[in-house]
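What follows draws every value from the coordinates through simple rules; no lab data is involved. What you are looking at is a predicted structure, and each value in this text was computed from that prediction instead of being measured. Here the Cβ is made from the backbone with ideal geometry for all residues, glycine too, and neighbour counts use every protein chain on show.
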Amino acid sequence: MAELLVIRHGQASFGQDNYDVLSDLGHRQSESVGALLRELDWQPDRLVTGTLKRQKDTLSSMGFDTAPEEHAGFNEYNFDDLLNARFKGNVPDMVIGDRRTHFRALRETVFEWQDAAFDGASETYAEFAARVEAARAFATDTEAKRVLVVSSGGVIGQLTATALGADKRHMMELNLQVKNTAMTRFMFKGARCSLHEFNATPHFMSPGGAALLSYS
């Protein structure tokens, strides 16, 4: 069996004009998980990211200089686009400016998206699920024994729910749990892919490391 290690990107710039940029904390989180992998002598044979800057910069800050392969299926769903579709362009100010309201709206909006309760989004949930599965197939169609992927929380939630055979709602419950630079590990052989470890952050399990913990 081979390993597929999927790491969520480091903390991005929540509330800023360009979310797709790592914060200073995001860079430190990435350095920490990269140092842990080297300490464990876990050397990837293949590197893959989505096309998002925060994903590629996470890999770089982890200390991997080799240019990764890219697959857009590992990109996050576009939450701003979903909000605009759900609220028909009139997104309430609290959804944008208040963190608690934002994440409650995220959960509710994704559930409605899964049920096709609104239209106008650039991607349906079915299309999102299909591209994530295509990305997984791309990453595991290899002779490599250790594949490292940097992706995003929604994608990791979808990959995990699929591996568990869980219903679509479970994808979002998992999504909201995924910590920045958490490691989710799958074992694969051919078309078989099973969950081995979810949302692990041993690099935060010290007094100093605990200060690096974030979810967004």
*Placed amide H near Phe198: partners under 5 Å, 5+ positions off or other chain*: Arg185
*asked:* Suppose we keep just the DSSP beta bridges with both residues in the chain; what percent of those would be antiparallel, to 5?
replied: 50
*Would you order Arg100, Arg131 from fewest to most other beta-carbon atoms within 10 Å of each residue's own beta-carbon?*
Arg100, Arg131
*Cα gyration tensor of segment 1-121, axes a ≥ b ≥ c as square roots of the eigenvalues: rounded (a/c below 1.5), prolate (a/b > b/c) or oblate?*
prolate
_In Hz, Karplus ³J(HN,Hα) per residue of segment 188-194 (6.51, -1.76, 1.60; θ = phi - 60°; x = Gly, Pro)_ = 9, 8, x, 7, 7, 8, 10
*asked:* Between 0 and 90 degrees, rounded to the nearest ten: what's the tilt of helix 99-114 against the longest Cα principal axis of the chain?
replied: 90
*Quick one: angle between helix 125-140 and the longest Cα principal axis of the chain, in degrees between 0 and 90, rounded to 10, please.*
10
*Relative contact order of the chain: what whole-number percent is it, with Cα pairs under 8 angstrom and at least 6 residues apart?*
31
*Phi to ³J(HN,Hα) by Karplus 6.51 cos²θ - 1.76 cosθ + 1.60 over segment 63-78, Hz, x for Gly, Pro*: x, 9, 8, 5, 5, x, 6, 10, 9, 5, x, 8, 6, 5, 5, 8
*Over 24 Å between C-alpha atoms is what I'm after, so list which of Lys56/Lys179; Lys56/Lys145; Lys53/Lys145 land there.*
Lys53/Lys145
*Taking amide hydrogens as modeled 1.01 Å from N in the peptide plane, which residues meet the under 5 Å criterion relative to Val21, leaving out close sequence neighbours?*
Ser13
*Projected area averaged over orientations for the chain, convex hull of C-alpha atoms, nm²*: 11.4
*Please list, in chain and number order, the residues 5+ apart from Tyr215 or on another chain whose amide H is under 5 Å from its amide H, with Hs placed from the backbone.*
Asn180
*Taking springs between alpha-carbon atoms closer than 10 angstrom, which of Val132, Val178, Val95 fluctuates most in the Gaussian network model of the chain?*
Val95
*Using θ = phi - 60° and the Karplus form 6.51 cos²θ - 1.76 cosθ + 1.60, what ³J(HN,Hα) does each residue of segment 53-59 get, whole Hz, x for Gly and Pro?*
4, 5, 6, 5, 6, 4, 4
*Relative contact order (%) - criterion: Cα under 8 Å, at least six apart; region: segment 42-170*: 38
*asked:* Using Cα-Cα distances under 8 Å and only pairs 6 or more residues apart, what relative contact order does segment 121-216 have, in percent?
replied: 21
_Selection from Gly153, Gly165, Ile96, by position along the positive dipole direction of the chain (Cβ)_ = Gly165
